[in-house]
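Worksheet: one structure, shown below.
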Amino acid sequence: MNIYLVLLLVFIIAPISTLLHELGHVLGAKWAKADSIILSIGSGYKIAAFSCKRIRVSLHLLFFLGGMAYNERNKPYKSREIIIISLCGPVSNVIAAAVVFYFAGFSYGFVRAFILFNMWLAVINLIPFHLNGKQSDGYTIVKAILNRYKTCK
């Protein structure tokens, strides 16, 4: 792998893929009629912020270091809604990879890296884990399923 592909991966592919992932969660939250949604891309010093209806967006200086979508609603979410919102992020990455694969194939380094990174992001986020106060989408899904099972008894 050459240095240009690594730079493209870190500064272009990863941030775009993260944005697509978090936008998936935003769409899921809008579907579930969230009262407020926060979308944050990157970490560190905030360089831009804006709001549109119920969605607040912030972009941080280290835009290539992850992202977060947070939503809340006055009426508690049902387990099914939590599961759908959580699945929307990984599903958006799978859709992005599939669309790029369909139109561009798997031949070019940049295209291949985009497809593989989006698939990796989807799979990693579906693995249930809790680390440093943050939890994966898979962990959120497992928790929602277990909570639903407890309330059914």
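The values are calculated or read from the model by the stated rules, or taken from the named source; none is laboratory data. What you see is a predicted model, and the numbers here were worked out from it, not measured in a lab. Glycine gets a Cβ as well: all are built from the backbone with ideal geometry, and neighbour counts include every protein chain shown. Ligands, DNA and RNA are stripped out before the accessible areas are found, and what is left, the full protein with its side chains, is counted by its heavy atoms. Shrake-Rupley method; radii C 1.70, N 1.55, O 1.52, S 1.80 Å.
Tabulated results
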item: Assigned charges on the beta-carbon of Lys, Arg, Asp, Glu; the range 41-111 dipole about Cα centre (debye); result: 400
item: Among beta bridges that DSSP assigns inside the chain, antiparallel share in %, nearest 5; result: 75
item: Taking only Cα atoms of the range 40-87, radius of gyration then Dmax in Å; result: 13.3, 35
item: Under-5 Å amide H pairs with Arg73, H placed in peptide plane, nonlocal only; result: Asp35
item: Separation between Cα centres of the range 88-153 and the range 37-71, rounded to whole Å; result: 20
item: Carbon plus sulfur fraction of accessible area for the chain, probe 1.4 Å, in percent; result: 70
item: Calculated [θ] (222 nm, deg cm²/dmol) that DSSP helices of n ≥ 4 give over the chain, each run adding -39,500 (n - 2.57); result: -18500 deg cm²/dmol
item: 19 Å Cα-Cα reach of Lys75 towards aspartates and glutamates, excluding residues that sit fewer than 8 places from it in its own chain; result: Asp35
item: Average accessible surface area per residue within the chain, 1.4 Å rolling probe, Å²; result: 64
item: Unsatisfied cross-links (Cα-Cα over 26 Å) in the set Lys46/Lys78; Lys78/Lys134; Lys46/Lys143; result: Lys46/Lys78; Lys46/Lys143
item: The chain: equivalent-ellipsoid semi-axes (sqrt of 5 x gyration tensor eigenvalues, Cα, Å); result: 28, 19, 14
item: Within a Gaussian network of the chain (alpha carbon springs, distance under 10 Å), most fluctuating of Phe117, Phe64, Phe129; result: Phe129
